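Reading through the structure tokens given below for one structure.
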Amino acid sequence: MKKRTVNLPTIAINSASWNIPKVPLADPTFNVPGMIDIIIGGECYHEMHTGNRLSLGDGLPFLIDTLFGWTVSGKTAINSAVSTPACYLSTVDRSLETTLQRFWELEVVDHGLAYSTEEKQCEEIYPNTTTRTHSGRYVVRLPRSEDPQFTRRFNSLERRLEQDSALKQTYHEFIDEYLRLGHMRKLTIVDDDLPHCYLPHHPVFKQSSTTTKVRVVFDASCKTSSAVSLNDTLLVGPVVQQHLVNITIRLRFHAIAFVADVEKMYRQVLHYPIDQQLLRILFRRNPWDPLNTYGLLTVTYGTASAPYLATRTLLQLAKDEGDKYPEAVQPVIEDFYVDDLLSGADNLDTAIEKRRQITNMLASAGFPLRKWASNVPEALTGIPLEDLAIQPLFDLQDDQSVSTLGLV
């Protein structure tokens, strides 16, 4: 430690009336504030004392005989006009300033951060370009600088692509699902003279997942032949949801809590057709098969703007559908952390109604909720069994538990 402690005692003590006997004191100026010379470990405490002790009287300290001389130890009433409270904190691997800063940060409730220039630009692009389909799904643009020539050339190409809706169902399970759900399509017309980007992709396995054991990650940070990646050209966007600490603290105030998550949240938000050229992938089932080119149609995990586009769409949904589902507005705006819902209510009737309105609001935009769990099973009445995180009592298995955001 650079500094052992503050000067001790913290204020001068008048010991003139104590009648201290003439014995050799280890610190003759014990009553005057001064620097501590050394700190000796507590394991040596008893080795330093001889066992001799003298009392200075009622309400006064004791004299303790040690190898260094007699020390003054104990409590006394301090008659002083100034009394300074002190708190002592010992730190080992970080400075006192850093420790105190981290302590107070734990108590801070965030009230929102100022947006950077790029984040403000994202917030300008989103409302001006976002639309909805007839089924209610949101269609968003990749937040990037526009290329007018790209837009003009693409419009004629897109009209030709719209005429080709045939999708083959003979690919791997992941490709089959993407095609079946309309999250990507095969590009039968591939114009490499058009500004475009091919994304490398690979599977990630998670055996502990109760739903999706295999996820495919698209590497939008991979440099292209121009030495620039797609992510280099995208605006990341601001964080529009509340901090996790705020959400989890608020969850603990509910007598009835419930959690769920949005199934394939990113992939429920569509991209403009123009963005397909920037979200190309190559795929073939066997090494001897020809390579096929596909265009991803939905917000893609691995692109820098994906978290912003998905979470910003939830906020837009609350704004657009708030009049129909008033009980869902606050939870959708404040109780989501990415795709995880952590909400609740004070009584059973309110919890059921809030859960119902949240479900219906999200369903209106193609956001299905699954993996429902609650500390009161009755709050989940009516939810299909396949959408429950924990099976009901009659089908209870050992060691059933649910965790959300690492919280069990």
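Remarks
- Flag if E327 is open to solvent by 60 Å² or more (accessible area, probe 1.4 Å) and of a type outside the set (F, W, Y): yes
- Any hit, segment 282-301, residues being within 26 Å of the chain's Cα centre (by Cα), farther than 19 Å from S135 by Cα, open to solvent by 10 Å² or more (accessible area, probe 1.4 Å) and of a type outside the set (D, E): yes
- Every pair of residues 6+ apart whose Cβ atoms lie under 9 Å, when the first sits in segment 220-243 and is free of Cβ contacts under 8 Å to residues at least 60 places away in the same chain while the second is outside any loop (DSSP other than H, G, I, E, B) and not polar (S, T, N, Q): C222/Y198; C222/L230; K223/D232; T224/Y198; T224/L230
- Residue check, D289 touching a strand residue (DSSP E or B) at 6+ places or on another chain (Cβ under 9 Å) and either free of Cβ contacts under 8 Å to residues at least 60 places away in the same chain or outside any strand (DSSP E or B) (or both): no
- Residue count for segment 1-27 satisfying the condition of being of a type outside the set (D, E, K, R), loosely packed, with under 10 Cβ neighbours inside 10 Å and either in contact with a strand residue (DSSP E or B) (Cβ under 7 Å, 6 or more places away or on another chain) or in a loop (DSSP other than H, G, I, E, B) (or both): 4.
- Any hit, segment 267-275, residues being part of a helix (DSSP H, G or I) and open to solvent by 30 Å² or more (accessible area, probe 1.4 Å): yes
- Of everything in segment 353-408 that is within 30 Å of V139 (Cβ to Cβ) and in a strand (DSSP E or B), the residue that is modelled with the lowest pLDDT is T404.
The values are calculated or read from the model by the stated rules, or taken from the named source; none is laboratory data. Note that this is a predicted model, so its numbers are computed, not measured. For neighbour counting, all protein chains shown are included, and Cβ atoms are generated from backbone atoms with ideal geometry for every residue, glycine included. Surface accessibility is based on the protein's heavy atoms, side chains included, excluding ligands, DNA and RNA. Shrake-Rupley method; radii C 1.70, N 1.55, O 1.52, S 1.80 Å.
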